[in-house]
Every structure is written in C-alpha cells, then in structure tokens.
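In what follows, a structure is listed as structure tokens, so that the remarks can point back to it.
The values are calculated or read from the model by the stated rules, or taken from the named source; none is laboratory data. Please read all numbers here as calculations on a predicted model, not as lab measurements. So basically every Cβ, Gly included, is an ideal-geometry build from the backbone, and we count neighbours across all protein chains shown. Remember, those area values only see protein heavy atoms, side chains included, never the ligands or the DNA or RNA. Shrake-Rupley method; radii C 1.70, N 1.55, O 1.52, S 1.80 Å.
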Amino acid sequence: MSKKILILPGDGIGQEVTKSAMQILDFIVKRFNLNFVVNTLDVGGTAYEKFGSPIPDKVLAAAKEADAILFGAVGDPQWDDLSWEDRPENALLTLRKELSLFANLRPAFLFNELSNASPLKEKIIEGLDILIVRELTGGIYFGEPRGVINDQTPNYAFNTMIYNEDEITRIAKVAFESAQKRKGRLCSVEKANVLEVSKFWRSIVTEMSAEYPDVELSHQLADNAAMQLVLNPNQFDVIVASNLFGDILSDIAATLTGSIGMLPSASLDSSFKGMYEPCHGSAPDIAGQDIANPLAMIGSLSMALRYSLEEETVANKIDIAIKKFINQGFRTKDIAIDENYLNTSEVAEKIIEILENE
Ligand code: NAD
C-alpha cells in the first residue's frame, strides 16, 4: 500500500525550506524504493492570493486523505489586516482542528558544536535533549464559554480552561509511550495548586502511571517548570502539558538551543497520521534570500517518516546525516560564526552527499 504525503510549502521561507525537504524526499524515495504518492498544494497567503482562501477546500480534502503533511510556514505582514477567515495563520489552526491533531511533539535538542548559540552557559546546556508533548486541540484556547462583556461596570473578558478525561488520557498516553522510547522519564506540568482542571489532570496522569511501570513520573507546577528549564534543563526527558502551558514551555525550550531554524515538530492524531512542520515561521525578514536554515524542515521530514510513514530506519539515517553535517562543520547563516556558510539550496545537496556515502 502506498503512503500519501501532502506538501504545503506556504509563504516566505516556508517555500525555500520545503524545497530542501522535497529534494531529500526525492532522493530517499529512489534510494530506498519507498512507495509514496506525493502531492504539493498552495496554502496560507499564497493560496489566498491565488484562490481567495488561505485553506481552499481542495487542500483540506487532500489533508484529510494524507498519511503525513509537510507544512512549511505561513504569514506575512502584508496579510495582517485581513479578517481572521482570510489570514494565512487560519490555515494552520483549521488543519489542526479539522484533522484532530491533538498531540504536538516538539523535540528541543542541542548539537554540542552549537552550544555557543545558546543563551545559557555551556555546562548547563550541554547534551540537552528534551521532548515536549503539548495538548493542541483543547484547553483554554478552545474552551467555552469565552467572551468580552462590554455593557457592565466594570466590563470584563473571560476564557474557560477545560479538559475532559478522554482528552487528558490520550495526550498522557502519547507522552508515556514517548518516554518509554526515550530515557523513561516523564514530567507532567500543570498548576494543581490553584486550578481544579490541573488537579483533575494530575490525578488522571498519576492513575495512568500504574500502566507504565518503566516510566518514572514526576509533577511540576508550570511556573517552577519554566524556571527549571532555564536553571537545569537536563533534568527533563519528556514533558507533558496542556495547550497553554505547553505553548509557553516549548518556546522556552526552543530558545535554549539558540537556533530556531533547527527544530522540527509533529502534530499527531490518534492513529498517528500527522502534520510535520518546523517550529519557526515564514521569516519575512530573510525570505527570498536563500539563507534560511532548512534543517528544521528536513528534521520534520524525518519525524514524518518515523511517526506516520513507518520508515523509522530511513528517519534514523536522515537524523544521522544532519548530525554529520553539523559535526563536519557545515553551517547555515543563522548558526555560522563567520561568512563561511552554505545557502539554503546547498544544504540538501550536502545532506544527500552524506546519505550517499553511508
Ligand atoms: P519567525 O519564526 O518567522 O522568525 C523569527 C526570527 O527567526 C526571524 O529573525 C527569522 O529571520 C529567524 N528565522 C526563523 N526561521 C529561520 C530559519 N529557518 N533560518 C534562519 N533564521 C530563521 O517568527 P516571526 O518573525 O514572529 O513571524 C513571521 C511570520 O511567520 C508571521 O506572519 C507569523 O504569523 C508567522 N508564523 C508562522 C508560523 C507557522 O506557520 N507555523 C509560526 C510562527 C510564526
């Protein structure tokens, strides 16, 4: 049975970094005889300009059919004043919601050769390798009721942080299973000291831990976890958190590595179909200059092979090739210490050369 891959390059550097990932995809399909059907469509501002919608029906239909989606990035200030319906970012939220992509996996790891790019001291950051599992389709970002009341004194606004037990169980399951495949440690983050929803979250995760005796479970309050990520990040293996806390913690973790152009992410549904995208945006400040770092996108391709396309061995080969690329001293502009760096379009060629020589 062939696997379906949908490629959505999007806007700005999304197009450039996706091109690099597609070069690697072409190479591995031929080299390892993979049975993939690949389809590429416009999304975001690029789709809005051509078809009047950032997420045309055709894209949504193809996304629902796909086993894995590679999503570049969307957005540009030129579209910031459009209504929410028409804004490029709407494409991303619609895809997450329509495809029930409830589990967001964001690895944050440091190549020791790049530790000078981190804002933290080398001895604190060395060897950093964390996976943040963030709940993506529930919690306060989607909770009802929500609103702004403008006809009372004083006026007020409100949101609802809500999780049911199924939502907590399914995200915790992904986190426990991820910890089993890594170093066997899981830290669940919430605010059980002040929020009922967090107490509920903690009790369910604690109850589930009996099914995972090989995983060491701990709990941290979100404010402490944010501090611990900066003070002693290496204490963490896998972190699981709600939509809100996971959003904040994953950005802190990404910042620790000092290079947003290196970090991939996966958003999965319950059958492990998913959308794979770099953690960065469309970077209008460098778009079109052929200097974006495509490694986050190439790493996202590797995650797609691992989680949705049942090609773990090929995924490992790509991860090793990325490591060798860095070990051998190759750099892109964002991580270079001098003017000696490769352009976006040259990175895939170099990675393919490394893969060919394995
Ligand atoms: P950004 O991630 O696009 O850029 C932040 C900074 O990091 C910029 O200086 C940029 O040049 C740099 N950068 C990002 N990716 C890089 C890479 N691969 N190589 C080298 N440098 C890189 O975030 P932003 O500037 O806040 O947002 C720009 C646009 O992207 C906005 O329209 C925003 O809405 C959108 N955005 C989209 C996504 C997404 O599609 N998933 C995510 C975040 C932001």
(message) Step by step: first the residues of the range 145-169, then only those that are within 28 Å of Val215 (Cα to Cα), surrounded by fewer than 15 Cβ atoms within 10 Å (Cβ to Cβ) and charged (D, E, K, R), then the one that is farthest from the chain's Cα centre (by Cα). Which residue is that?
(response) Glu165
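Would you check which residues across the range 271-317 are of a type in the set (Val, Ile, Thr), within 11 Å of the ligand (Cβ to nearest atom) and in contact (Cβ under 8 Å) with a residue 60 or more places away in the chain and list them? Let's see the steps before the verdict.
First, pick out the residues of the range 271-317 that are of a type in the set (Val, Ile, Thr): 286, 291, 298, 313-314.
Now drop any that are not within 11 Å of the ligand (Cβ to nearest atom), which leaves 286, 291, 298.
The answer is Ile286, Ile298.
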(request) Quick one: Glu126 ticks every box in (1) over 18 Å from Gly12 (Cβ atoms); (2) in contact with a strand residue (DSSP E or B) (Cβ under 7 Å, 6 or more places away or on another chain) except a single one, so which number is it? (result) (2)
(request) Consider only pairs whose beta carbons are under 7 Å apart and that are at least six residues apart or on different chains; among these, list those whose first residue lies in the range 182-203 and is within 24 Å of Asn234 (Cα to Cα) and assigned to a loop (DSSP other than H, G, I, E, B) and whose second residue is modelled with pLDDT of 95 or more and of a type in the set (Val, Ile, Thr). (result) Arg182/Val238; Gly184/Val215
(message) Go through the range 67-83 and report how many residues are away from the ligand (no atom under 12 Å from the Cβ), assigned to a loop (DSSP other than H, G, I, E, B) and surrounded by 18 or more Cβ atoms within 10 Å (Cβ to Cβ).
(response) 1
(request) Return only the number of the condition from (1) in contact with a strand residue (DSSP E or B) (Cβ under 8 Å, 6 or more places away or on another chain); (2) away from the ligand (no atom under 15 Å from the Cβ) that Leu92 does not satisfy. (result) (2)
(message) As an exercise: evaluate Met1 against (1) under 23 Å from the mean Cα position of the chain (by Cα); (2) modelled with pLDDT under 95; (3) surrounded by fewer than 16 Cβ atoms within 10 Å (Cβ to Cβ) and give the number of the one condition it does not meet.
(response) (1)
(request) For Ser267, indicate whether it is in contact with a helix residue (DSSP H, G or I) (Cβ under 8 Å, 6 or more places away or on another chain), of a type in the set (S, T, N, Q) and in a loop (DSSP other than H, G, I, E, B). (result) no
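When only residues in the range 322-333 that are in a helix (DSSP H, G or I) and open to solvent by less than 80 Å² (accessible area, probe 1.4 Å) count, which is farthest from the ligand (Cβ to nearest atom)?
Our first condition is that a residue be in a helix (DSSP H, G or I); within the range 322-333, this holds for 322-327, 333.
Checking which are open to solvent by less than 80 Å² (accessible area, probe 1.4 Å) leaves us with 322, 324-326.
Numbers: Ile322: 14, Lys324: 20, Phe325: 15, Ile326: 14 Å.
Ranking the qualifying residues of the range 322-333, first place goes to Lys324.
Do you know which residues across the range 259-270 are more than 14 Å from the ligand (Cβ to nearest atom) and surrounded by 17 or more Cβ atoms within 10 Å (Cβ to Cβ)? Steps first, please.
First, pick out the residues of the range 259-270 that are more than 14 Å from the ligand (Cβ to nearest atom): 268-270.
Selection gives Leu268, Asp269.
If the requirement is being open to solvent by 20 Å² or more (accessible area, probe 1.4 Å), under 19 Å from Ile298 (Cβ atoms) and assigned to a helix (DSSP H, G or I), which of these qualifies: Lys58, Lys50, Lys30, Lys64?
Numbers: Lys58 fails: under 19 Å from Ile298 (Cβ atoms); Lys50 fails: under 19 Å from Ile298 (Cβ atoms); Lys64 fails: under 19 Å from Ile298 (Cβ atoms).
Being open to solvent by 20 Å² or more (accessible area, probe 1.4 Å), under 19 Å from Ile298 (Cβ atoms) and assigned to a helix (DSSP H, G or I) holds for just one of Lys58, Lys50, Lys30, Lys64, which is Lys30.
Look at Gly299 and say whether it is over 18 Å from Leu101 (Cα atoms) and in a loop (DSSP other than H, G, I, E, B). Break it down into steps so the answer makes sense when it comes.
Numbers: over 18 Å from Leu101 (Cα atoms): yes; in a loop (DSSP other than H, G, I, E, B): no.
So Gly299 does not fit the description; no.
Tell me whether the range 95-103 contains one or more residues that are assigned to a loop (DSSP other than H, G, I, E, B) and either not assigned by TED's automatic domain parsing to the domain that holds Pro278 or not hydrophobic (A, V, I, L, M, F, W, C) (or both). Give the steps one after another, and end with the answer.
Keep residues of the range 95-103 that are assigned to a loop (DSSP other than H, G, I, E, B), which gives 99-102.
Subsequent filtering for residues that are either not assigned by TED's automatic domain parsing to the domain that holds Pro278 or not hydrophobic (A, V, I, L, M, F, W, C) (or both) retains 100.
Yes, the range 95-103 contains at least one residue that is assigned to a loop (DSSP other than H, G, I, E, B) and either not assigned by TED's automatic domain parsing to the domain that holds Pro278 or not hydrophobic (A, V, I, L, M, F, W, C) (or both).
Quick check on my filter: what residues within the range 238-254 are within 11 Å of the ligand (Cβ to nearest atom) and farther than 25 Å from Trp79 by Cα?
The initial filter retains those residues of the range 238-254 that are within 11 Å of the ligand (Cβ to nearest atom), namely 251, 254.
Across the range 238-254, the qualifying residue is only Ala254.
Kindly indicate whether Ala179 is crowded, with 16+ Cβ neighbours inside 10 Å, modelled with pLDDT of 95 or more and in the same structural domain as Ala47 (by TED's automatic domain parsing).
Working: crowded, with 16+ Cβ neighbours inside 10 Å: yes; modelled with pLDDT of 95 or more: yes; in the same structural domain as Ala47 (by TED's automatic domain parsing): no.
So Ala179 does not fit the description; no.
Determine whether the range 203-217 contains at least one residue that is closer than 25 Å to Glu167 by Cα, assigned by TED's automatic domain parsing to the domain that holds Ile337 and more than 13 Å from the chain's Cα centre (by Cα). Lay out the reasoning, then the answer.
So the first thing to find is which residues in the range 203-217 are closer than 25 Å to Glu167 by Cα, and the list is 203-217.
Next, only the ones that are assigned by TED's automatic domain parsing to the domain that holds Ile337 stay: none.
Looking for residues that are closer than 25 Å to Glu167 by Cα, assigned by TED's automatic domain parsing to the domain that holds Ile337 and more than 13 Å from the chain's Cα centre (by Cα), one finds none in the range 203-217, hence no.
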